[in-house]
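Inspection log for the structure reproduced underneath, given as structure tokens.
The values are calculated or read from the model by the stated rules, or taken from the named source; none is laboratory data. In this text, all values refer to a predicted model and were calculated from it rather than measured experimentally. Please note: Cβ atoms are built from the backbone with ideal geometry, for glycine as well, and neighbour counts cover all protein chains shown.
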Amino acid sequence: MDAFSGRPVWLASVSLRAQGGRGDHIAVGKWTMQELTQGERLLQQALKGVGDEHCYRLFRMNITLCLHRAVKPEEEAGLPKTWPAAIGGMAGGPVRVLRARNVPNPVAGEACQQMGREIIIPSRPDLWLPSDCGECPPCQARATIAAALECQAAAQGVAA
């Protein structure tokens, strides 16, 4: 279903603020290579000791650098029995996949090919939210997954 075939993942994300953490957020697209490297290091530290460090996807949204890491089989086995019914839905596609290792790269995990930009703060056009066009293959694949999740939720009597 998703980049990890519908299996649970660990997620860590980090953002960067100007002026020593008290200023505005800095869009990830404007981070330096050093800031990206430091951000990835922080994400790796945040997930230290959990998940399969050899099975991950590093990607960026507009305001956050994110790391998905596959859960280990023993971690998945330890999830509550109610976990499959607790459908979390989807957050949409990435702005850009930066690197992936040992995970499939399904179309649904790719960025929209005609991504829109929803400006939240007019004075900060660099901090936009991505919006799917709904027409390209990645958007259609995400729509198919969302519909399947809705059907699964309806069959289980839970809200998606």
Inset, instruction - Might you let me know whether segment 37-49 holds any residue that is at positive phi and loosely packed, with under 15 Cβ neighbours inside 10 Å? - result: yes
Inset, instruction - Out of the residues in segment 125-155 that are more than 20 Å from the chain's Cα centre (by Cα) and surrounded by 13 or more Cβ atoms within 10 Å (Cβ to Cβ), state the one that is modelled with the highest pLDDT. - result: Gln152
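Condition test on Gln34, is it polar (S, T, N, Q), part of a helix (DSSP H, G or I), modelled with pLDDT of 85 or more and under 16 Å from Arg101 (Cβ atoms)?
no
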Inset, instruction - Filter segment 113-124 down to the residues that are assigned to a loop (DSSP other than H, G, I, E, B) and in contact with a strand residue (DSSP E or B) (Cβ under 7 Å, 6 or more places away or on another chain), then identify the one that is modelled with the lowest pLDDT. - result: Ile120
Inset, instruction - Within segment 38-49, identify whether any single residue is assigned to a loop (DSSP other than H, G, I, E, B), at pLDDT 85 or above and either among the charged types (D, E, K, R) or under 21 Å from Pro138 (Cβ atoms) (or both), and answer yes or no. - result: yes
